[in-house]
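The values are calculated or read from the model by the stated rules, or taken from the named source; none is laboratory data. From a predicted model like this one, the values you see are computed outputs, not experimental measurements. Counting neighbours? That spans all protein chains shown, and the Cβs are built from the backbone with ideal geometry, glycine included. These area figures cover heavy atoms from the full protein model, side chains too; ligands, DNA and RNA do not enter into them. Shrake-Rupley method; radii C 1.70, N 1.55, O 1.52, S 1.80 Å.
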Amino acid sequence: MLLGLPEFEFSSAHSVDEACALLSKHGERATVFAGGTDLLVKMKHRRTIPAHLINIKGIPKLDTIAHDGHQLQIGALTLIQGIEASQVVGKKFRVLKQAAEVLGTTQIRNVGTIGGNLANASPSAEFAPPLLTLGASVRCVGSSGERLIPIGEFFLSPGKTSLRQDELITGVQVPDLPSGADCIYLKHSLRRMDVAIASAAVFILFDGDVCRDVKIALGAVGPVPFRAKKAEQCIRGERLGANAVETTLLEAAAQAAADESFPIDDFRGYATYRRKLVRMLVGKGLERLIARTRA
Ligand SMILES: Cc1cc2nc3c(=O)[nH]c(=O)nc-3n(C[C@H](O)[C@H](O)[C@H](O)COP(=O)(O)OP(=O)(O)OC[C@H]3O[C@@H](n4cnc5c(N)ncnc54)[C@H](O)[C@@H]3O)c2cc1C
């Protein structure tokens, strides 16, 4: 069935200040419009009926990727395809490139933005698990000025974030990985273009054979993407040199991640299946990172 859009007013902002002023003026009636790949689908299905759309695509300089020697700054309007193609992302933040590569189809990646991916606050948002393991922050601007929200405090519930009504995401700030650290993102979906049934990002930092730090973040297995901290505790500070011990510890971490997840049953998969996927993805992620570190 071809679904039409509900009626709405439309205005275009040409600066961040103008967008914030329009958000303040129209209040709850207004919604930001970036690529529209999430928003228009929701509007067609009447899951949201905003009276006023504020197009932010004309705001200059929000679509750039820059690295200042210590951290990466990704503008909110950066296309998924732009992240996939970025040399600095590919070289220093490979895990973000991995997330971009598996998000939707080429058409979606050519229109959808990273700001939209985060603001939409889907439990399966592709960039959330990698950004959680990287310790990223979301930069936003509203009528009371600019603030940085740690990504772990950004997602509140499905579709809800800690953004205030008059705030706009302007970018994402990602600190460099510590020297020697590595990070991987794994997603399971039925077809390549589908959203994740379960996903996991794993970050690991070794000091010789000892796991000095580890971060494990999960997507699509709870109301918001989250860190599996009990799983991390299974291996943080442990010597992962002797094979038998290592296998036991990795299995314990993967199982703890599955136990920490609280997925729902839906048309994509049952909760029990999703927990099994978490165990598999986390186990595989840890094994691959350890193999890469020792190569
Ligand atoms: C066929 C299809 C496949 C998809 N596959 C995937 C997938 O595999 N993985 C995945 O994660 N997603 C997927 N998506 C969802 C979507 O494409 C992405 O989440 C995309 O990054 C959204 O970006 P957008 O610019 O299109 O957001 P929009 O649709 O424009 O906006 C989404 C929401 O964010 C708000 N918003 C947008 N930008 C800002 C901003 N700068 N500040 C404040 N609020 C803002 C809007 O008001 C809206 O509520 C898919 C969508 C489709 C249609």
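Taking segment 73-92 only, how many residues are in a loop (DSSP other than H, G, I, E, B) and either within 12 Å of the ligand (Cβ to nearest atom) or surrounded by fewer than 20 Cβ atoms within 10 Å (Cβ to Cβ) (or both)?
If we filter segment 73-92 for residues that are in a loop (DSSP other than H, G, I, E, B), which is where we start, we get 76-78, 86.
If we keep only those that are either within 12 Å of the ligand (Cβ to nearest atom) or surrounded by fewer than 20 Cβ atoms within 10 Å (Cβ to Cβ) (or both) as well, we get 76-78.
Residues that pass the stated criteria total 3.
Between LEU163, LEU177, which is assigned to a loop (DSSP other than H, G, I, E, B), out of contact with any His (no Cβ under 9 Å at 6 or more places or on another chain), away from the ligand (no atom under 14 Å from the Cβ) and open to solvent by 20 Å² or more (accessible area, probe 1.4 Å)?
Working: LEU163 fails: away from the ligand (no atom under 14 Å from the Cβ).
Sole residue among the options that is assigned to a loop (DSSP other than H, G, I, E, B), out of contact with any His (no Cβ under 9 Å at 6 or more places or on another chain), away from the ligand (no atom under 14 Å from the Cβ) and open to solvent by 20 Å² or more (accessible area, probe 1.4 Å): LEU177.
Give GLN81, GLN87 a once-over and let me know the one that is more than 28 Å from LEU23 (Cβ to Cβ), assigned by TED's automatic domain parsing to the domain that holds LEU148 and out of contact with any Asp or Glu (no Cβ under 8 Å at 6 or more places or on another chain).
It is GLN87.
If you check LEU23 against the conditions, is it touching a Gly at 6+ places or on another chain (Cβ under 9 Å), within 14 Å of the ligand (Cβ to nearest atom) and not in a helix (DSSP H, G or I)? Please lay out each step first, then the result.
On the way: touching a Gly at 6+ places or on another chain (Cβ under 9 Å): yes; within 14 Å of the ligand (Cβ to nearest atom): yes; not in a helix (DSSP H, G or I): no.
No; evaluated as a whole, the condition is false for this residue.
So for segment 190-198 (the condition being within 14 Å of the chain's Cα centre (by Cα) and without any contact (Cβ under 8 Å) to a residue 60 or more places away in the chain), does at least one residue qualify? Step through it out loud before you land on a result.
The initial filter retains those residues of segment 190-198 that are within 14 Å of the chain's Cα centre (by Cα), namely 195-196, 198.
Right, trim to without any contact (Cβ under 8 Å) to a residue 60 or more places away in the chain and you get none.
No, the conditions are met nowhere in segment 190-198.
Among (1) in a loop (DSSP other than H, G, I, E, B); (2) without any contact (Cβ under 8 Å) to a residue 60 or more places away in the chain; (3) within 16 Å of the chain's Cα centre (by Cα), there is one condition LEU3 misses while meeting the rest; what is its number?
Of (1) in a loop (DSSP other than H, G, I, E, B); (2) without any contact (Cβ under 8 Å) to a residue 60 or more places away in the chain; (3) within 16 Å of the chain's Cα centre (by Cα), only one is false for LEU3: (3).
From the residues in segment 93-137 that are in a loop (DSSP other than H, G, I, E, B) and either assigned by TED's automatic domain parsing to the domain that holds PRO225 or under 22 Å from HIS67 (Cβ atoms) (or both), which one is farthest from the ligand (Cβ to nearest atom)?
At the first step, the residues of segment 93-137 found to be in a loop (DSSP other than H, G, I, E, B) are 93, 102-105, 110-112, 120-127, 135-136.
In the following step, the residues that additionally are either assigned by TED's automatic domain parsing to the domain that holds PRO225 or under 22 Å from HIS67 (Cβ atoms) (or both) were identified as 93, 103, 126-127, 135-136.
Working: PHE93: 17, LEU103: 4, GLU126: 3, PHE127: 7, GLY135: 20, ALA136: 15 Å.
Looking at residues that are in a loop (DSSP other than H, G, I, E, B) and either assigned by TED's automatic domain parsing to the domain that holds PRO225 or under 22 Å from HIS67 (Cβ atoms) (or both), I get GLY135.
For segment 224-239, indicate whether the set of residues that are within 16 Å of PRO129 (Cα to Cα), touching a residue at least 12 places away in the same chain (Cβ under 8 Å) and of a type in the set (Val, Ile, Thr) is non-empty.
Yes: one or more hits.
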